[in-house]
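K.L.:
Quick one: this structure, given as C-alpha cells, is what I'll be asking you about.
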Amino acid sequence: MALSGVEIFKLLPKTNCKKCGHPTCLAFAMKLAQRQASLDQCPDVSEEAKKILGEASAPPIRSITFGSGDRAVKIGEETVLFRHDKKFVNPCALAVEIKDTLSEGEITKKIEEVLASEIDRVGQKLRVDAIALTNASGDKGKFESAAKLIASKAPNVPVILSTTDPASAEAAVKLFAGKKPIIYGANSGNAEAMANIAKTEKAILGVVANGLDELSTLTEKIKALGVEDMVIDSGAKKAEEMLENNTMIRRAALKKNYKPFGYPVINFAQRDDSLHEALIASVGITKYASIIVVSGIEKWKNLALFTLRQNIYTDPQVPMQVEQKIYKIGEATPDSPLTITTNFSLTYFIVSGEIENSKVPCRLAVMDCEGLSVLTAWAAGKFTASKIATFIKESGIENEVKHRELIIPGYVAILSGSIEDKLEGWKVTVGPREANGLPAFLKARTA
C-alpha cells in the first residue's frame with residue numbers, strides 16, 4: 001500500500017537541507033506521496049528507509065528503457081492523467097511494422113526509410129523510433145532471417161519482435177543481445193515460455209490479452225515468474241477500444257495504484273488506408289500509448305504524427321526555447337544587417353525562415369527572454385531597452401560587424417530611443433511588425 005506524505009516524512013532525515021530541490025523534508029515527502037519526485041533526489045536517506053520508501057517513491061507506471069545507445073527510447077514513468085496537471089514525461093515511440101514475408105529488398109527499403117525519417121522541427125530532432133518485425137509467415141527461419149537483416153542494417157534502432165511462437169522469439173532475440181529489444185506476443189497460452197526467454201535474454205516482454213481482466217491476470221503471473229519490464233496490450237484495435245482501455249489502464253495505475261496495470265501501453269494502429277491509420281495512431285498519441293506501431297511512414301504522415309506528439313509532450317509550464325546567441329543566416333559578412341528577437345522557438349524559426357527567404361545574409365541576435373514571444377516578453381519586462389543593450393554589449397558582436405545598427409521588431413518600436421541612449425554610438429532601426437514583412441524590408445535596404 002502507498003504511504004502518505006506524513007508517513008514518508010517520518011522516514012526522511014528531517015534536516016531540511018534542500019539538497020533534493022525542495023524547501024523542506026515535508027514538502028519533499030508530499031511530492032513523493034504524489035509520485036511527483038524520486039527518492040534518489042535525497043542523498044542522505046538511509047538504506048532502511050530506501051527499502052520502505054521504494055514502492056512509495058516509484059512512478060505508478062514503470063520506467064523502461066527500450067533499445068540501447070543514442071537511439072534508446074525511454075517510456076513509461078508517467079504521473080498524471082492530464083497534461084495541464086504537470087506534464088507528460090516520456091514521449092511515445094513510433095514504430096513501423098516490417099513483415100517477415102517481405103523480400104530482402106522490400107525490408108531494406110523500409111529500414112532505409114526509418115533511418116532517413118529524422119526531421120528538425122523548432123530545434124528538436126524528431127524521427128521514427130523503432131522497427132516492429134512481425135512473424136507474419138509463421139515460419140521460424142524467415143523470422144530469424146528478417147531479424148538478421150534488420151540487425152545488420154539498423155544495428156542501433158530499437159526493435160520489437162512480434163511473434164507468439166517461443167522458438168521464433170528465442171532465435172530472433174539472440175541477434176539483439178544487450179540491446180533491450182521487446183519480445184511482443186506473450187499471452188495466456190505461452191506466458192511461462194516467453195517469460196523465461198525475456199529473463200534469459202534481458203529483454204522487455206510485450207504482453208497481449210483479450211480484455212483488461214485477462215491482462216491483469218497475465219501481468220501478475222508474468223511478474224511472479226521474475227519479469228519486471230513489460231509493455232502491455234489490452235487487445236484494443238478500434239479507436240473506441242483504445243480510448244476506453246488506455247484510459248482505464250492509466251486511471252487504475254495512477255489513481256488506484258493498481259500494480260498489474262503499472263506498465264507502458266503498446267497500441268497497433270495498422271490500417272489499409274494511410275489516412276485512417278494516421279487518425280488511429282493519433283488516438284494512441286493523445287491517449288496514453290507509450291508505443292504506437294504503424295504500417296507505413298510516409299513523410300506527410302510522419303510530419304503530422306511527429307508534430308502532434310511534440311505538442312502533447314512539451315511541458316505546458318515551460319515555453320519552448322532556443323539558445324541565446326548571435327546566429328548567422330546565410331553567408332553573413334561584417335557588413336550584413338543585425339536584427340534582434342526573443343528566444344521563443346516559434347518566433348526564432350519564423351523570423352529566421354523569413355530572413356532566409358529574403359536571400360539577404362544577416363545576423364540574428366536571439367535574446368533569452370525565458371521563451372516568451374516579443375510582445376509578451378516586452379510586457380513582462382524581459383525584453384527592455386536596458387536588457388537588450390546589455391545583451392548586445394556582452395555578446396561581442398561589436399568585434400564582428402563594421403556598422404553599429406540594430407534592427408528591432410516593429411511591435412517594440414517604442415524602445416528605439418531608449419536603446420540608442422543605452423547603446424552609445426549605435427543606431428536603432430525599426431523593422432516590420434510581422435516577420436513576413438522581413439524579406440521586402442531587407443531587400444529594400446540592399447537595393
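K.L.:
Can you tell me which residue among E113, E104 is touching a residue at least 12 places away in the same chain (Cβ under 8 Å) and either under 20 Å from A172 (Cα atoms) or not assigned by TED's automatic domain parsing to the domain that holds S162 (or both)? Write out each step before concluding.
P.N.:
Working: E113 fails: either under 20 Å from A172 (Cα atoms) or not assigned by TED's automatic domain parsing to the domain that holds S162 (or both).
Criteria check complete, one pass: E104.
K.L.:
Further question on the same structure: Quick one: would you say I329 is outside the structural domain of K74 (by TED's automatic domain parsing) and without any contact (Cβ under 8 Å) to a residue 60 or more places away in the chain?
P.N.:
It is true that I329 is outside the structural domain of K74 (by TED's automatic domain parsing) and without any contact (Cβ under 8 Å) to a residue 60 or more places away in the chain.
K.L.:
Further, regarding this structure: Inside the stretch 356-387, can you point out the residues that are free of Cβ contacts under 8 Å to residues at least 60 places away in the same chain, in a helix (DSSP H, G or I) and in contact with a Lys or Arg (Cβ under 8 Å, 6 or more places away or on another chain)?
P.N.:
A385, S386
K.L.:
Give the residues of the stretch 53-84 that are of a type in the set (V, I, T) and touching a helix residue (DSSP H, G or I) at 6+ places or on another chain (Cβ under 6 Å), sorted by residue number.
P.N.:
Of the residues in the stretch 53-84, the ones of a type in the set (V, I, T) are 61, 64-65, 73, 75, 79-80.
Once the filter is applied, which keeps residues that are of a type in the set (V, I, T) and touching a helix residue (DSSP H, G or I) at 6+ places or on another chain (Cβ under 6 Å), the stretch 53-84 yields only I61.
K.L.:
Here is a further query. Kindly list, by first and then second residue, each pair from a residue in the stretch 238-250 that is assigned to a helix (DSSP H, G or I) to a residue that is of a type in the set (F, W, Y), limited to pairs with Cβ atoms under 6 Å and residues at least 6 apart or on different chains.
P.N.:
Qualifying pairs under 6 Å: N246/Y288; I249/F261; R250/Y288.
K.L.:
Which of (1) under 24 Å from G76 (Cβ atoms); (2) buried (at least 20 other Cβ atoms within 10 Å of the Cβ) is the odd one out, the single condition T286 does not satisfy?
P.N.:
Only one criterion in (1) under 24 Å from G76 (Cβ atoms); (2) buried (at least 20 other Cβ atoms within 10 Å of the Cβ) is unmet by T286, namely (2).
K.L.:
Sort through V360, V428 and tell me the only one that's in contact with an Asp or Glu (Cβ under 6 Å, 6 or more places away or on another chain) and more than 30 Å from T314 (Cα to Cα). Before you say what the answer is, go through the steps one by one.
P.N.:
Working: V360 fails: in contact with an Asp or Glu (Cβ under 6 Å, 6 or more places away or on another chain).
Just one listed residue meets the conditions, V428.
K.L.:
Of all residues in the stretch 388-439, which are part of a loop (DSSP other than H, G, I, E, B), within 37 Å of the chain's Cα centre (by Cα) and exposed (fewer than 15 other Cβ atoms within 10 Å of the Cβ)?
P.N.:
Correct list: G396, R433, E434.
K.L.:
Within the stretch 254-285, which residues are under 20 Å from V89 (Cα atoms), at pLDDT 95 or above and not polar (S, T, N, Q)?
P.N.:
F261, G262, Y263, P264, V265, I266, A281, V283, G284, I285, listed by residue number.
K.L.:
Continuing with the same structure: Condition (residue is at pLDDT below 85 and polar (S, T, N, Q)) applied to the stretch 60-81: is it met by at least one residue? Before you say what the answer is, go through the steps one by one.
P.N.:
At the first step, the residues of the stretch 60-81 found to be at pLDDT below 85 are none.
For the stretch 60-81, residues at pLDDT below 85 and polar (S, T, N, Q): absent.
K.L.:
A follow-up question, please. With the structure loaded, tell me whether F391 is within 15 Å of T342 (Cβ to Cβ) and either in contact (Cβ under 8 Å) with a residue 40 or more places away in the chain or of a type outside the set (V, I, T) (or both) or whether it fails that test. Walk me through how you get there before you give the answer.
P.N.:
Numbers: within 15 Å of T342 (Cβ to Cβ): yes; either in contact (Cβ under 8 Å) with a residue 40 or more places away in the chain or of a type outside the set (V, I, T) (or both): yes.
Yes: the conditions hold for F391.
The values are calculated or read from the model by the stated rules, or taken from the named source; none is laboratory data. Quick caveat: nothing in here was measured; it's all calculated off a predicted structure. Cβ atoms come from the backbone with ideal geometry, glycine included; neighbour counts cover every protein chain shown.
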